[in-house]
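One structure is given below, encoded as structure tokens.
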Amino acid sequence: MTPDDLMATVKHALYDVAPELEDEDLAADRPLRDQTELDSMDFLNLAIAIHDATGIDIPEADYPKLQSLDDIVGYLGTKLH
Amino acid sequence: MPSLGADMDAGTLVEWLIKPGDDVHHGDIVAVVETDKGAIEVEIFDDGTVKSLEVPVGAKVPVGTVLARIDGKGEEKAPEAKPARAAPPPEPQPPAPVPPVAKPKPAAKAPAHVGEGVRASPVARKRAQELGIDLSGVEGTGPEGAVTLKDVEQGGPAAAKAPPKTAVARGIKPADMRKAIAAAMARSNREIPHYYVSLDIELTALSDWLAAENGARPVQDRLLLIAPMLKAVALALKEVPELNGQWQGERFVPMSDVHMGVAIALRGGGLIAPAIHGADQMRVGSLMAGLRDLTNRTRKGGLKSSELSDPTFTVTSLGEDSADSVSPIIFPPQAAILGLGAIRRRPWVHDDGLVVRPIVTATLGADHRVSDGRTGGRFLRFLADLLQEPSKL
């Protein structure tokens, strides 16, 4: 899966959790919390959606590393290779 | 027309899901009403046969108006205006968690979401999902063009219309929501003599327990910190019944079960505080599943009338990256509310030494007509003690 594929997958998961974000121009390198109203329930739902799409279970201890879309895509990339 | 909170004085009937002659049973969803909180599914609390529908679709009627009549057990009854339940079933089953997301498929471009942003009743939305119909292509015949169940089942895709670019998918008008909140909070401040007590609670044991629990759970079953905290609040309320109940008429009626209201923020502003029924009798995992389900339905549609009318106590949590404490305003007809600030690592005195620990400030707002500061302080102490032994929750 290329980084572009991963980004599309992550965005798809994100839009399922928070559909209104489809209309937002999210900066991939900025923390999601700075750009959205996502709360801890949303982030848990996002982790579940990513797991469903990729099979990758993100341990809770790694959540703090995943601030931006770029962070998430980079993290998933390392897990897939 | 049921009262779905102190801020509601009227509602619009959006859709009937029954007709005269139908048999109905306790718990059935019989209608959908539009309120400032969005479209709410109205349940029935008796068994019987529908005799007549008294209010036409599209009519806005005051709270207390008889919507329909049923013949049940030889007696004619009005199905609405249900009082708060004092004694729910002893072993409540948490609602089956609604998966928050459809299984996404990797794609170069994520597909548009089906019907988000379209005014539609929850049952219509649910049916559209089952049928794979995009609600944005269905012509709505309900109030203000809302798509009804009938539209979905009969209409199917019609002339395509662009979904409105609104952040709130449930059809809630933010201005109406803000007015409703203002009215309810103004009434609360006017009628309820609030008092406040606060306590800083150390959460090391809870954080450690949660990390161990989540390490052993699949991602779908992981817990958020709020789940064991809600359970601890529910158990503390059992020790301090003066805080758990509702005003009915001129007196406070304590409730034997804890129907935990949880303040849930909506996208684009506003909040709703529906209840998790029987929270005191649920395990932490079930509470978490119930909270996920409730959060989903609050934000995407499908709340039931009883979830809005039944809370006996409410918790509002500011979440991460927020303020240290909150002094919340009581939601009438309840008599108390707990505000939780952000959990932060702060200095803490332990064995006469200074250490750094995760701390939350819990602030209880309560009704001085029912209890006093000493009672509130006792509740917070019970809560703090329970959170030091999370494995017993």
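The values are calculated or read from the model by the stated rules, or taken from the named source; none is laboratory data. Note that the coordinates shown come from a computational prediction; the quantities given were computed from them, not determined experimentally. Backbone-built Cβ (ideal geometry, glycine too); neighbour counts: all protein chains shown.
Taken over the range A:67-81, the criterion of being away from every other protein chain (no Cβ under 13 Å), modelled with pLDDT of 90 or more and within 22 Å of B:Arg222 (Cα to Cα) is satisfied by A:Ser68, A:Asp71, A:Ile72, A:Tyr75. Screening B:Ala336 on (1) over 30 Å from A:Glu37 (Cα atoms); (2) in contact (Cβ under 8 Å) with a residue 40 or more places away in the chain; (3) hydrophobic (A, V, I, L, M, F, W, C) shows it passes everything except condition (1).
Could you please let me know if B:Gln248 is of a type in the set (S, T, N, Q) and more than 14 Å from every other protein chain (Cβ to nearest Cβ)? Taking the combined requirement at face value, the residue satisfies it.
Taken over the range B:23-62, the criterion of being polar (S, T, N, Q) and at pLDDT 90 or above is satisfied by B:Thr49, B:Ser52.
Once the range A:47-62 is narrowed to residues that are more than 7 Å from every other protein chain (Cβ to nearest Cβ) and touching a residue at least 24 places away in the same chain (Cβ under 8 Å), the residue that is farthest from A:Lys11 (Cα to Cα) is A:Ile56. Got a number for residues in the range A:61-74 being closer than 23 Å to B:Ala212 by Cβ and buried (at least 18 other Cβ atoms within 10 Å of the Cβ)? Residues that pass the stated criteria total 1. The test for being touching a Leu at 6+ places or on another chain (Cβ under 9 Å), closer than 20 Å to B:Pro311 by Cβ and of a type outside the set (Lys, Arg) holds for B:Gly5. For the range B:237-259, the set of residues classified as more than 14 Å from B:Ile192 (Cβ to Cβ) and assigned to a loop (DSSP other than H, G, I, E, B) consists of B:Val240, B:Asn244, B:Gly249, B:Met255, B:Ser256, B:Asp257, B:Val258, B:His259, listed by residue number.
With a requirement of 3 or more residues that are of a type in the set (D, E, K, R), over 11 Å from the mean Cα position of the chain (by Cα) and surrounded by fewer than 20 Cβ atoms within 10 Å (Cβ to Cβ), the strands (runs of 3 or more DSSP E) lying completely within the range B:267-363 that satisfy it span B:344-350. Here B:Ala216 fulfils each of the conditions (1) within 19 Å of A:Leu46 (Cβ to Cβ); (2) free of Cβ contacts under 8 Å to residues at least 40 places away in the same chain apart from (1).
Against the list (1) more than 7 Å from chain B (Cβ to nearest Cβ); (2) farther than 24 Å from B:Gly268 by Cβ, the condition A:Asp5 fails is (1).
Would you be able to say whether some residue in the range B:12-21 is acidic (Asp, Glu), out of contact with any Phe, Trp or Tyr (no Cβ under 8 Å at 6 or more places or on another chain) and at pLDDT 85 or above? Yes: the range B:12-21 contains one or more residues that are acidic (Asp, Glu), out of contact with any Phe, Trp or Tyr (no Cβ under 8 Å at 6 or more places or on another chain) and at pLDDT 85 or above. Here B:Leu223 meets the list (1) touching an Asp or Glu at 6+ places or on another chain (Cβ under 7 Å); (2) in a strand (DSSP E or B) almost entirely, failing just condition (2). Here the condition is being within 9 Å of another protein chain (Cβ to nearest Cβ) and buried (at least 19 other Cβ atoms within 10 Å of the Cβ); of B:Leu224, B:Leu230, it holds for B:Leu224 alone. For the range A:10-39, the set of residues classified as in contact (Cβ under 8 Å) with a residue 60 or more places away in the chain and either at the interface with chain B (Cβ under 7 Å from one of its Cβ atoms) or on the phi > 0 side of the Ramachandran plot (or both) is empty. Evaluated against (1) buried (at least 20 other Cβ atoms within 10 Å of the Cβ); (2) farther than 22 Å from B:Gly269 by Cβ; (3) more than 9 Å from every other protein chain (Cβ to nearest Cβ), A:Leu44 falls short on exactly one condition, (3).
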